[in-house]
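To start, the structure itself, in structure tokens.
The values are calculated or read from the model by the stated rules, or taken from the named source; none is laboratory data. All values reported here derive from a predicted model rather than from experimental measurement. Glycine also receives a Cβ, built like all others from the backbone with ideal geometry; neighbour counts cover every protein chain displayed.
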């Protein structure tokens, strides 16, 4: 495999041509395996809060959690471009956004990602001014799920939502974001946003086939989190079931059941039925 590392400029060069593939990674072996497979972008997403740490949503993820997992992924020395989510309340001000972005870059990330559009443009500008590549995240914003009553809702269904998504995407592109995740955006609007962005690469998740690329949470793709699978994902394998069955089989081998008595064996007097 080509040893030249992928950069944001590499990804920008795929706009309008090659579809961009991205998957999440939270640990060293997964990062190595996905990189060996040729996945060009590995995102250390705050989804780790749910699929690794067992939290009910991403709002519980801390900077310490993110740094720990970014370091693990970076130790794989992947050719892939490694991104890291800025976790909930880690970018409330431009100064905080830059400081925490630098921490994630220092841990081994190549770019950072944050949720929001026009409302976080000062933070985006500060991150980019510090020389740190930035990826946006529009549509359904997991860090804001509690504000929406705990429901993950499809975005862009009405005209106001459509216009807001378009305006936010264009603003992020103008600020200098090289990519933007579109999560649970109604497919026609996701396609429109992708066309409207002449430079910035759109990466969809549950937003239809017409984005510039696609991203999935790796445990969803490989069936490693069998307790919940998003409706837009079809697991390619059932890793979780295999792990469970393998562990159960090992335990059976460790403690095999006693052999069944032969058919011609007579019961002992103490075991004979009486009365």
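General remarks:
- Of all residues making up region 109-127, the number that are within 17 Å of the chain's Cα centre (by Cα) and over 18 Å from residue 165 (Cα atoms): 4
- Among (1) surrounded by 17 or more Cβ atoms within 10 Å (Cβ to Cβ); (2) in the same structural domain as residue 128 (by TED's automatic domain parsing) - the single one residue 235 does not satisfy: (2)
- Residue within region 166-176 that is in a loop (DSSP other than H, G, I, E, B) and either outside the structural domain of residue 21 (by TED's automatic domain parsing) or without any contact (Cβ under 8 Å) to a residue 40 or more places away in the chain (or both) present: no
- Qualifying positions in region 153-163 - closer than 21 Å to residue 201 by Cα and not in a helix (DSSP H, G or I): 154, 155, 156
- Any hit, region 160-172, residues being closer than 27 Å to residue 73 by Cβ and more than 18 Å from the chain's Cα centre (by Cα): yes
- 2 or more residues in contact with a strand residue (DSSP E or B) (Cβ under 7 Å, 6 or more places away or on another chain): qualifying helices (runs of 4 or more DSSP H) within region 23-79: 28-36, 63-74
- Screening residue 159 with (1) without any contact (Cβ under 8 Å) to a residue 24 or more places away in the chain; (2) not assigned by TED's automatic domain parsing to the domain that holds residue 26 gives one miss only, at (2).
- When 166, 121, 146 are screened for being over 18 Å from residue 206 (Cβ atoms) and modelled with pLDDT under 95, only 146 passes.
- Taken together, 29, 78 contain a single residue that is in contact with a helix residue (DSSP H, G or I) (Cβ under 6 Å, 6 or more places away or on another chain) and either under 20 Å from residue 108 (Cα atoms) or not assigned by TED's automatic domain parsing to the domain that holds residue 130 (or both), which is 78.
- Of all residue pairs spaced 6 or more apart or on separate chains, none has beta-carbon atoms under 9 Å together with a first member in region 3-17 that is modelled with pLDDT of 95 or more and a second member that is surrounded by 14 or more Cβ atoms within 10 Å (Cβ to Cβ) and in a helix (DSSP H, G or I).
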